[in-house]
Amino acid sequence: MTAPQPAGAAVPGDLGAARADVARACRVLAAEGLVNDILGHVSLRVRDRHMLIRARSVSDPGLLLTRPEDVVLTDLDGDPAEDLGDRQLPQELAIHGEVLRARPEDAAVVHAHPPDVVLCSIARLPLRPVFGAFNIPAMRMAERGIPVFDYYGLVRTRARGVQMVEAMRGGRALLLRGHGLTTAAPSLAGAVVTALNVNLLARMTAALAAAGVGWSDVPEVPAEDRAELPDLGSAFNDDLVWRHHVAKLAWRGLEVAEAGAPSPT
Ligand SMILES: [Zn+2]
């Protein structure tokens with residue numbers, strides 16, 4: 001029987017399944033078009049004050065082919081809790097550290113640069129609740145309003161990370177003007193699926209605008225129809241969708257090899 005680890009202790013070597021899940025999250029985001037090539041990262045809280053976070057080595061294959069060994073263990077300040085070798089932490093590590101520090105209920109953070117999200121943020125196209133049962137969680141997010149962080153640069157310092165967290169106003173999703181999105185949730189599935197939903201809202205908004213439809217003329221879902229849309233719960237909205245995307249990785253030949261084995265390329 002393994003001796004219990006003190007909270008916050010460095011625990012290299014026993015986090016294989018969690019590392020593989022973070023790698024899968026990166027692959028899903030890439031496979032669904034939310035990240036291109038090498039930019040974007042995902043983190044997952046372990047213990048109270050540590051996180052597994054996607055790093056980048058000299059042999060980095062890009063987000064689509066993220067391997068478990070591309071995921072490293074640090075504390076919330078980014079101080080390594082294991083030997084990082086040639087793996088470099090993201091410049092925007094503060095996005096993850098500050099969200100997880102400020103929001104103990106959340107365990108996972110996604111940061112990505114989806115082109116349609118960037119387009120809507122720079123064109124000042126708000127993501128409005130214009131569809132209904134098509135995707136209820138996405139509609140609810142738009143109904144509540146998805147805030148925008150009005151800063152075009154990298155989030156590289158703790159101070160900027162704190163500003164970004166404040167801009168989220170406690171919600172799961174934030175647009176970063178001319179940059180991308182940040183999502184946070186109690187589970188990896190929740191953070192990833194929220195990012196997918198924000199991207200869907202942005203894609204439809206951008207498509208309607210590109211089609212010459214006056215965006216402000218598109219009607220929102222009537223209040224009485226919204227009231228009848230059920231909340232199907234996180235097991236349906238997040239976990240089932242996550243499992244679908246993990247299965248689709250395998251179907252596409254993008255399954256993550258566990259135990260740190262090299263992934264097929
Ligand atoms: Zn970024």
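Numbers below:
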read-out: Tally of residues being at pLDDT 95 or above, away from the ligand (no atom under 15 Å from the Cβ) and at positive phi across the range 9-43; value: 1
read-out: Filter pass, D231 being over 22 Å from L29 (Cβ atoms), in contact (Cβ under 8 Å) with a residue 60 or more places away in the chain, open to solvent by 50 Å² or more (accessible area, probe 1.4 Å) and assigned to a helix (DSSP H, G or I); value: no
read-out: Which listed residue, of V130, V148, V109, is β-branched (V, I, T) and either open to solvent by less than 30 Å² (accessible area, probe 1.4 Å) or closer than 22 Å to C26 by Cβ (or both); value: V109
read-out: Residue list for the range 168-196, filter: on the phi < 0 side of the Ramachandran plot, out of contact with any Lys or Arg (no Cβ under 8 Å at 6 or more places or on another chain) and open to solvent by 20 Å² or more (accessible area, probe 1.4 Å); value: R172, R177, P186, S187, L196
read-out: Test: residue in the range 152-159 that is surrounded by 15 or more Cβ atoms within 10 Å (Cβ to Cβ) and either over 23 Å from A18 (Cβ atoms) or at pLDDT below 95 (or both); value: yes
read-out: Residue ID - nearest to the ligand (Cβ to nearest atom), chosen from residues in the range 69-103 that are surrounded by fewer than 19 Cβ atoms within 10 Å (Cβ to Cβ) and assigned to a strand (DSSP E or B); value: Q88
read-out: Helices (runs of 4 or more DSSP H) wholly inside the range 104-219 that include at least 1 residues being within 16 Å of the ligand (Cβ to nearest atom), β-branched (V, I, T) and more than 23 Å from L89 (Cα to Cα); value: 115-122, 188-210
read-out: Check on L44, in contact (Cβ under 8 Å) with a residue 40 or more places away in the chain, surrounded by fewer than 22 Cβ atoms within 10 Å (Cβ to Cβ) and within 15 Å of the chain's Cα centre (by Cα); value: no
read-out: Condition broken by R56, with the remaining ones in (1) in contact (Cβ under 8 Å) with a residue 24 or more places away in the chain; (2) open to solvent by less than 20 Å² (accessible area, probe 1.4 Å); (3) in contact with a helix residue (DSSP H, G or I) (Cβ under 9 Å, 6 or more places away or on another chain); (4) over 30 Å from E224 (Cβ atoms) satisfied; value: (2)
read-out: The range 44-68, subset part of a strand (DSSP E or B) and within 16 Å of the ligand (Cβ to nearest atom), residue modelled with the lowest pLDDT; value: R56
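The values are calculated or read from the model by the stated rules, or taken from the named source; none is laboratory data. Because the structure is predicted, anything quoted here is derived from the model rather than measured. A quick note on method: Cβ atoms are made from the backbone with ideal geometry, for glycine too, and the neighbour counts reach across all protein chains shown. Please note that ligands, DNA and RNA were not included when accessible areas were found on the heavy atoms of the full protein model with its side chains. Shrake-Rupley method; radii C 1.70, N 1.55, O 1.52, S 1.80 Å.
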